[in-house]
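Okay, structure first, notes after.
None of the figures in this text is laboratory data; all of them are computed from the coordinates on show. The shown structure was predicted, so the numbers you read here are calculated from the model rather than taken from an experiment. Cβ coordinates were reconstructed from backbone atoms using ideal geometry, including for glycine residues, and neighbour counts include every protein chain displayed.
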Amino acid sequence: MPEKETLATGRAVSHGSAERTLAEVFELSYRRLVVQMYGVVGDFPEAEDVVQEAFVRASAAGGRFRRVDNPEAWLRRTAINLHRNRWRKLRNYNRVRPRLEVSPPDLPGLEEHVTVIESLRQLPSSQREVLALHYLADLPVLEVSELLGVPEGTVKSRLMRGREALAALLSEEDGHE
Amino acid sequence: MNELELREFRTRAEELVSLPDLADLESRGRRLRRRRVALGASLAAAVLALAGGLVVTQRDDGNQTPIEPPDERPPSEVDYPGPVMEPLAPGTYVLRPSLQNGAPEVRLTVPPGWNAWQGPNRFDGDLNTTGWYAGVLVVDVTSVASKKCRYTAATGAAVDGSAADLIAAINRIPGLRVTTEAAPAELFGYPATHLHLRTAGAFCRDGNNLFDTEQNGLVIGGTDTLADTWVVDVDGEAILIDVGFTPTTPTEIRRELYEIVESIEVVDPE
């Protein structure tokens, strides 16, 4: 019987000795990963793109991917690294291009929650990453620390500052309504 | 901050995300895999062992028809020649630690005076007396030794390709001592773990195999070799960067060794 890991939200993710097909992992994790990456990058098309690319890499990995303990964690790490790699490449370009005044397109149908993503976008990326991974992916501080390669104390301080900043932004938005 | 707002955002967003065509993603994955396998088939098979450092024996991957990939690299870059013991012209090379698992390529620059082997190396004299060895390996480890002097590719303990599993496995290899605790680092823009290793020095008649690699064969521990090692997590795939040298390796050669490491870039296959 496969080992069960219960996430903070109460949803259970099966992992352990049983190998799963890519289709099973796709069905179980694709939507979750896209939303987590949406929070991390603040850009829905980019989130979809890096998650889909992570599944392409998983498909290329073949049997080795099927044997990993936690496929969703593997895909999440791959998607984050893909995004970081792209961001590094774009960084110099962004320095010289005219600043875009428009926000990236949002997920259609999410209008009632749009202030959340708009507020997340206004945070520094380092704070947005830890908030998204902690609250949207339900990862404990230690796992966020390992995933991002930063000390636990740094994750905690970014969480604290990010929470305060996000609360201020959300209450500001509420005040405008 | 109202955490409930984030949870509600997540729940609603998950309902709205539509699934793309998995068949298309799998098709792209197969193309990526085929391209890498084809690249590897052109490497010559050779079996050779050296008596010092962490060295590699090449595995024969069979007769697969090479398909040339689109080559968008600058003309100054050439494919790393692989495990042939011959002088390596100075310049920039592209090296492939793995061809089957989606692992990326790396680009590295080599100064004059180095040899082509699975990674660039140099050595001089009798390694059992005053000789020295220096070499860089960039490999994808698939299994590690569980018994000293009695390890073959068929008897090793498999690693799953993740960085965490590889680090744990390295700590268990007989004949290899981790001399400083693993420390988090960043290498080439990716999260990495830094370890210092030292071979334990016992002599094995057929060489003390330490680990097997995806593409590059068995890696053998020398009689007394220091290794500055990084396990780099590249998009979920662990790559081992091993900077090996003997205590007698000249300072100038060590400096060149680290210059090669500093030149390494992970090449995005896309």
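What does the extension gain come out to for A:Asn70 and A:Glu111, with contour length at 0.36 nm per residue minus their alpha carbon separation? Intermediate values should be presented prior to the final figure.
Numbers: separation 41, 0.36 × 41 = 14.76 nm, distance 3.29 nm.
Additional length available on full extension: 11.5 nm.
Magnitude of the Cβ-charge dipole of region A:117-167, K/R +1 and D/E -1, about the Cα centre, nearest 20 debye? Each step should come with its number before you reach the end.
Details: 6 positive and 7 negative charges, 46 e Å.
Rounded to the nearest 20 debye, it is 220 debye.
Count, for each residue of A:48-60, the Cβ atoms from other chains sitting within 10 Å of its Cβ, then give me the mean as a whole number.
Averaged over the peptide's residues, the number is 6.
Take peptides A:157-164, A:143-150 and line them up by average Cβ neighbours within 10 Å, highest first, as a rough protection proxy.
Answer by packing, highest mean first, reads A:143-150, A:157-164.
Show me the ranking of peptides B:16-28, A:54-66 by mean Cβ neighbours inside 10 Å, starting with the highest.
A:54-66, B:16-28
How many partner chain Cβ atoms sit within 10 Å of a residue's Cβ in peptide A:31-37, on average, as a whole number?
What the average comes to for A:31-37 is 5.
Give me the inter-chain shielding for A:75-82: mean count of other chain Cβ atoms within 10 Å, whole number please.
Mean inter-chain Cβ contacts per residue within 10 Å come to 4.
Would you mind computing, in nm to one decimal, how far apart the modelled labels at B:Thr248 and B:Asn2 are, each placed 7 Å from Cα along Cα→Cβ?
Between B:Thr248 and B:Asn2, the label points sit 7.4 nm apart.
At 0.692 mPa s and 37 °C, plugging the Kirkwood radius over alpha-carbon pairs of region A:106-177 into Stokes-Einstein gives what diffusion coefficient in µm²/s?
D, rounded to a whole number, is 256 µm²/s.
In nm, give the distance between the simple-model label positions of B:Glu265 and A:Lys156, each being 7 Å from the Cα along the Cα-to-Cβ direction.
Going from the B:Glu265 label point to the A:Lys156 one covers 3.9 nm.
Explain nothing, just the number: relative contact order of region A:106-177, from Cα pairs under 8 Å at least 6 residues apart, as a whole percent.
After rounding, I find 36 percent.
5 Å is the cut-off here: which amide hydrogens, built 1.01 Å from N in the peptide plane, fall below it relative to B:Glu186, excluding neighbours closer than 5 in sequence?
B:Ala192
Could you order the peptides B:238-244, A:35-41, A:118-124 from most to least packed, using the average number of other C-beta atoms within 10 Å per residue?
Going from most to least packed, we get A:35-41, B:238-244, A:118-124.
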